[in-house]
1. GNM, the chain, Cα, under 10 Å: largest mean-square fluctuation among PHE43, PHE119, PHE73?
2. Would you mind counting up the charge near GLU94? Only other residues with Cβ under 10 Å from its Cβ, with Lys and Arg at +1 and Asp and Glu at -1.
3. Using a simple charge model, +1 on the beta-carbon of Lys and Arg, -1 on the beta-carbon of Asp and Glu, nothing else, what dipole does the chain show about its Cα centre, in debye to the nearest 20?
4. Could you name the aspartates and glutamates in cross-link range of LYS184, using Cα to Cα under 14 Å and dropping any fewer than eight places away on the same chain?
5. Pick out, from LEU74, LEU176, SER19, the residue whose Cα sits farthest towards the positive end of the charge dipole of the chain, with +1 on the Cβ of Lys and Arg and -1 on the Cβ of Asp and Glu.
6. Can you give me the P(r) profile for the chain? Cα pairs, bins 5 angstrom wide beginning at 0, each as a whole percent.
7. What list of ³J(HN,Hα) values in whole Hz, one per residue of segment 20-26 in order, does the Karplus curve 6.51 cos²θ - 1.76 cosθ + 1.60 (θ = phi - 60°) give from phi, with Gly and Pro shown as x?
8. Quick one: Cα centre-to-centre distance for segment 155-190 and segment 20-81, in angstrom?
Amino acid sequence: MRNLHLEKQGLRGLAIAESFTETSKKSVLAGIVISTEMVIDGFVFDHSTVGGDDATEVILSMYERLDRPDVSFLLISGIVISLYNIVDVKKISEKIGLPVIGVTYEDSSGIEDAIKHHFPKSYESKLSKYSHLEPRKKITLKTSYDLYIRNEGCTLLEAKQLIDKITLQGSVPEPLRISQMLAKTLLKAKF
């Protein structure tokens, strides 16, 4: 497992966000390679199935296709994306040997009832995947906003320090804000 060297200039990460509509069969995932100094120097794109179970594998494929050994961490906007397509941050971290941080912006109770409602015939596998995730941890940023994260491959303190470093204002880390805008733009362009 590669350590986070937060003191290093030019530390690069891959930030991934997605966008979809409820009528879509696929969501658009956009990834950007960006340094902690906010220099963008790479992109990667893919699709995941709305309501599916392929988000983890799609994100692994995005990382592998990128072929960037200088990437030191992954930052993912959301752990349950594309209508209950669950991202396994632990599996991703173990497979790529890097710290992975999943970020959400609101405190919410469990999603078990919603999964049962939307997937009455197949909810067991989704609930099993969701129950294996570590609980979210609340952090308060230097901007005074709260985030909820799941971190693998790094400590909670390292994750907070990294997110503080890359959050310029408000609650959304800049790399995720940019990748979210890119995903929304690609969705509108029917990528």
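Values quoted throughout were computed directly from the atomic coordinates according to the rules given, and no laboratory measurement underlies them. Note that the structure is predicted; figures quoted are calculated from it, not measured. Don't worry about glycine lacking a Cβ; one is built from the backbone with ideal geometry, like all the others, and counts go over all protein chains shown.
1. Ranking PHE43, PHE119, PHE73 by mean-square fluctuation puts PHE119 first.
2. Details: positive: LYS90, LYS91, LYS95; negative: ASP88, GLU152.
Taking every Cβ under 10 Å from that of GLU94, the sum is +1.
3. Values: 25 positive and 25 negative charges, 38 e Å.
It works out to roughly 180 debye.
4. Within the straight-line limit of under 14 Å, LYS184 reaches these aspartates and glutamates: GLU18, GLU22, ASP46.
5. Toward the positive end, the furthest listed residue is SER19.
6. 1, 8, 17, 21, 22, 16, 10, 4, 1, 0, 0
7. Karplus-based 3J(HN,Hα) across segment 20-26 equals 7, 10, 5, 8, 7, 8, 10 Hz.
8. Taking the Cα centre of each part, segment 155-190 and segment 20-81 sit 12 Å apart.
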